[in-house]
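Before any comments, here is the structure.
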């Protein structure tokens, strides 16, 4: 049984799960309006009107939550020269051949990408969402502007959902990852295998 | 105001399966507004208020005859006055009765996310069913004529019902009943179209060369039509020249829907099979130690 | 209206001037759109503003306010010099050929006989030249320089298109365009109608505005023809009804001129009002005046009105001066009138110069307001900031407000612009303690009568002897009043033999005309010594007259005159009088209270009959 | 029906003359009667009754240069329907109408509050600036019109307003005594 390494502090984890929760609620309530086949989600929120009332607030909370995490993690997610190298070998990653990949730090290129895509789509969701948030803000925007807004809002939402699906799958697929967010720790061997450079960093001087 | 039977509902918002299509024998109805006979007396506005038991706020004069100045949740029709000079020096005072056009292909219905909040009846009337309205305001974005208004009081969308309750029992809409000069007529769509074209012809004789019937194809024709003195320039009266459901709305409520759903499901399915084929990533170290 | 609303659909050209039919009369306006669509009629609007009528017009010309006579006189000139007149019609049906006294003249703004001090004319020099036979001299060639036609040519020749444009501000080409379009209807197969309202009457030259138009229609031969006429559009549902009920101080019921101080005997009164034909084979409408008046007095006083007491002539109030709406408030302002019963009338809002009105009302001892609404007048004493900046402390007038029922809250009739009378049933009960005007006035009358009986007083007879046979004297039922006004036979008369068919005898009845309660219900009594209680105010000028069952009913003399007109049948009257129309005739007969106005309708009831003599349009009051 | 038995072109019954003649309104923007420029006594109807004090209450064109007229609107009936909610909704508040040219001269914009003064009183209301009232060329000079609907007062369910008859002159037709509501003089300025 190898040593455990601290990957996330409690704050980070609580923040993450708060976002996750808000995402699920916002996504379900949003999808209810997006496609008739998913309108039944509205029942989870007390019917159409309540869904319409709650969705913007859920979305707002998600964004605020993400803001918190953003400030904790943005530095670790800056794209580096190593990432470009790693990107070239992404194919091996998908076939599960870890050995063929250059060593990475706390996050690999794909994770960083997901981080920024999520951040970006949340910005779009917030901006466009406000534009047709009834009854408060919608009256200040022209119908044309709102038409563009609803379209962009949907696109951004889909992007966010897709990247989240990927995010979740990756966590399930790479064994030993989930405990990072459930317990905050990972096994040293997990770190060696998946984030060699980060492992060196945290074990340096021991 | 749902006053017809569910059998009469031929189109229903946010509904993926077909609605009853058996009622084929019902004649399509239409209201024809003959601008050349309209004296802007606003009797239709008052008739609408009285039949539908609406009473808007007593407003202010903002410097025009129009009052209320625009459609509101409690004013489903208003007279709009336009001082225009189609030819330089030839002043005309165009008076248009504004309200829902009851499109054959209604943008509001297309945009509405709430099942059954907006319906189209077999006779062509587009109606809002308030009990299903969630107040999202999508109908506002869907409408090419900027008609629906959402109440600040109850967050429901409102507009002209073409007096569907009266029509369903064989009466004409209240505004038609009231119009003192016969500027508003009501009948089957076919009759109204031919009468409208006749009137347009008579107006041409009277010197309005560009008189014509406003029954825009872009929305599949409308069940409220105008006889315009200047059908070539409907913009003179804030009527869109070629109204159609906005491309952004079509995309949003058209292609975007299946694509997105396919994408999301696709992503999950892909993940599943990837897992099954490649299997999980486990770190060697653990194995060795074991 | 000389014609009916529905008749407008028969016209080829509609002129709207001095009115705004589309806005003020939208329901009647349907007949204009009807004519436009189905008869391809053209619509011309002449107005200072481009109105909602102009919005649906074929041609619009602007005009400066108060210059209609210049415009229309210019049209007359245009018609005369371009010979756009219906000459046969003019020769047959107008006084064009009559010779006028040589003394008559016009110079620099004044006709002959002007007295600057009294601001009035001595009309001695104006009359026609009378021949030894007692008839007017005429020149059928219309060439005599003193004949009306030539005088007219001379008078209106000064109104050149240039002058018209200079005065009215109407661009010359636009004026000529209108004149030309009007001129086209001089063709015998073309007819024009004119719709006007208060835009012509509410001027210091209001009556002449309308007269000028009447002259145009005569020149064009458009009077008394379907689709023609000069049509005054009344202000609301029943203003005609109130007018028919002698709401005017100078009238008794049936538009019979009321006596003045100078008519101290019945003889004088009759002499001044009984007309005599001044052309051979003609009749003067007013030659039966004594018969009408006697009928009225029998209706007022029944058996108390006898030949011996001159049919109670002495009991009638004698006007000591003008009591029109302006005169009344002038008296008030001078402090000479200090009590005011204000029935269905909002003078503070409706009468000119609010400041003067307010000052006048403040000098009253008391004012009683009968109205279904809280009128400004009833609160003239209250300070509403700048909107009504008065000091209640300084106003001593005691104001009583008597809530009355509204039109939908009482049974009765409406008389519309066409003089068509419709009976209406009460729809709802009046709120609270409101009462019908008729009940309020009747109770007041009963109280007065009681007081006279108890305390006597100067000349009690007019009140004491008045016919008042209602099942409930304090609240006459509308149908009772209507029945009474329809008149009743005192004695059966046989018509004189028909010369064409001497054997046949037409059964006719001499009917007694009843009084119109309105002659009292509309009284505003000036609390002044004259116990004769002068008829002091129209209860409701066009500005705001009220529907009321009683005032909405008909003047009864219409029948008695029908009887009277036997023996001298003339186109119009023999037709209408003998037409079997007991119920319908009331709708038609009152037309004739405006001399000649029946013609338009007669032409319809018997299209074959020659166009009727035309009226001199008496006053702007017909709006 | 007339003693003549025919219609009259020539009517002795009329108080100001057997033939119609143009006379200016008692408040005239022209000042003279162009039909008889040399006769100051025949500017306005010489037979019209004018009471003592009212002559003085007439305004002159120097002080009140604009021709005004009062009128009804289709949405209301005189001073009754301001008590009715439905009518109030369709025409809620008092206004006056002027042409675009006059508005430009006076710096008045659509909907501005304006003060209209006659020699007898004043009215303050919103301003409707319109193409429908154009300046007219009268005797070589421009005459502007000011239109004043009458329907508002200080009772009822409409917005309160001034009574239009604060402005109108106390003089009537020489035959019927119907007041001259339709032609008088005012001045107008931004309130």
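The values are calculated or read from the model by the stated rules, or taken from the named source; none is laboratory data. Quick caveat: nothing in here was measured; it's all calculated off a predicted structure. So basically every Cβ, Gly included, is an ideal-geometry build from the backbone, and we count neighbours across all protein chains shown.
Being more than 8 Å from every other protein chain (Cβ to nearest Cβ) and over 21 Å from the mean Cα position of the chain (by Cα) is the filter; apply it to region D:72-87 and report the residue that is surrounded by the most Cβ atoms within 10 Å (Cβ to Cβ). Once the filter is applied, the top-ranked residue is D:82. The residues listed here are C:371, C:314; of these, the one that is crowded, with 22+ Cβ neighbours inside 10 Å and at pLDDT 95 or above is C:371. Residue-level analysis places residue A:110 among those that are within 14 Å of chain B (Cβ to nearest Cβ), closer than 24 Å to residue B:278 by Cβ and in contact (Cβ under 8 Å) with a residue 60 or more places away in the chain. Taking into account only those residues within region A:139-186 that are more than 7 Å from chain B (Cβ to nearest Cβ) and outside any helix (DSSP H, G or I), which is surrounded by the most Cβ atoms within 10 Å (Cβ to Cβ)? Here the answer is A:186.
Condition first: within 19 Å of the chain's Cα centre (by Cα) and outside the structural domain of residue A:168 (by TED's automatic domain parsing). Can you find one or more residues in region A:102-117 that meet it? Taking every residue of region A:102-117 in turn, none turns out to be within 19 Å of the chain's Cα centre (by Cα) and outside the structural domain of residue A:168 (by TED's automatic domain parsing). Here residue C:74 fulfils each of the conditions (1) within 30 Å of residue D:31 (Cα to Cα); (2) surrounded by fewer than 17 Cβ atoms within 10 Å (Cβ to Cβ); (3) more than 8 Å from chain D (Cβ to nearest Cβ) apart from (2).
Being under 30 Å from the mean Cα position of the chain (by Cα) and part of a loop (DSSP other than H, G, I, E, B) holds for only one residue in C:76, C:85, and it is C:85. Filtering region D:40-69 to residues that are under 18 Å from the mean Cα position of the chain (by Cα) and closer than 18 Å to residue C:168 by Cα leaves D:43, D:44, D:45, D:61, D:65, D:66, D:67, D:68, D:69.
Looking at C:283, C:337, C:332, just one residue is over 26 Å from residue C:197 (Cβ atoms), assigned by TED's automatic domain parsing to the domain that holds residue C:418 and not in a helix (DSSP H, G or I), and that residue is C:337.
Of all the listed residues (C:91, C:84, C:42), the sole one being within 11 Å of chain D (Cβ to nearest Cβ) and surrounded by fewer than 24 Cβ atoms within 10 Å (Cβ to Cβ) is C:91.
Cβ-Cβ distances below 6 Å connect no pair with a first residue in region C:353-378 that is not assigned by TED's automatic domain parsing to the domain that holds residue C:399, a second residue that is surrounded by fewer than 21 Cβ atoms within 10 Å (Cβ to Cβ), and a separation of six or more residues or different chains. Those strands (runs of 3 or more DSSP E) of region B:65-134 in which at least 1 residues are in contact (Cβ under 8 Å) with a residue 12 or more places away in the chain and within 12 Å of another protein chain (Cβ to nearest Cβ), considering only elements entirely within it, cover B:78-87, B:90-98. Scanning region B:211-226 for residues that are in a helix (DSSP H, G or I), closer than 30 Å to residue B:122 by Cβ, more than 14 Å from chain A (Cβ to nearest Cβ) and in contact with a strand residue (DSSP E or B) (Cβ under 6 Å, 6 or more places away or on another chain) turns up at least one hit. For residue B:201, the stated conditions do not hold, so it cannot be described as away from chain A (no Cβ under 14 Å), more than 17 Å from the chain's Cα centre (by Cα), outside any helix (DSSP H, G or I) and closer than 29 Å to residue C:23 by Cα. Here is the figure for region D:30-46: residues that are at the interface with chain C (Cβ under 7 Å from one of its Cβ atoms) and part of a loop (DSSP other than H, G, I, E, B) total 8. In the set C:65, C:100, C:56, only one residue is crowded, with 20+ Cβ neighbours inside 10 Å and under 27 Å from the mean Cα position of the chain (by Cα); that residue is C:65.
Can you find a residue in region D:101-122 that is surrounded by fewer than 19 Cβ atoms within 10 Å (Cβ to Cβ), under 27 Å from residue D:55 (Cα atoms) and touching a strand residue (DSSP E or B) at 6+ places or on another chain (Cβ under 7 Å)? Scanning region D:101-122, I find at least one residue that is surrounded by fewer than 19 Cβ atoms within 10 Å (Cβ to Cβ), under 27 Å from residue D:55 (Cα atoms) and touching a strand residue (DSSP E or B) at 6+ places or on another chain (Cβ under 7 Å), so the answer is yes. Applying the set (1) within 14 Å of chain D (Cβ to nearest Cβ); (2) within 22 Å of the chain's Cα centre (by Cα); (3) at pLDDT below 95 to residue C:327 leaves exactly one unmet item: (3). For region D:15-29, a tally of residues being farther than 26 Å from residue C:325 by Cα and within 7 Å of chain C (Cβ to nearest Cβ) returns 1.
Would you be able to say whether some residue in region B:229-240 is assigned to a loop (DSSP other than H, G, I, E, B), within 12 Å of residue B:36 (Cβ to Cβ) and over 21 Å from the mean Cα position of the chain (by Cα)? For region B:229-240, residues assigned to a loop (DSSP other than H, G, I, E, B), within 12 Å of residue B:36 (Cβ to Cβ) and over 21 Å from the mean Cα position of the chain (by Cα): present. Consider region D:137-191 and keep the residues that are more than 12 Å from the chain's Cα centre (by Cα), within 7 Å of chain C (Cβ to nearest Cβ) and outside any loop (DSSP other than H, G, I, E, B). The one that is nearest to residue D:17 (Cα to Cα) is D:172.
Residues checked against (1) outside any loop (DSSP other than H, G, I, E, B); (2) under 30 Å from residue B:42 (Cα atoms):
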site: D:49; (1), (2): no, no
site: D:69; (1), (2): yes, yes
site: D:77; (1), (2): no, yes
site: D:93; (1), (2): no, yes
site: D:109; (1), (2): no, yes
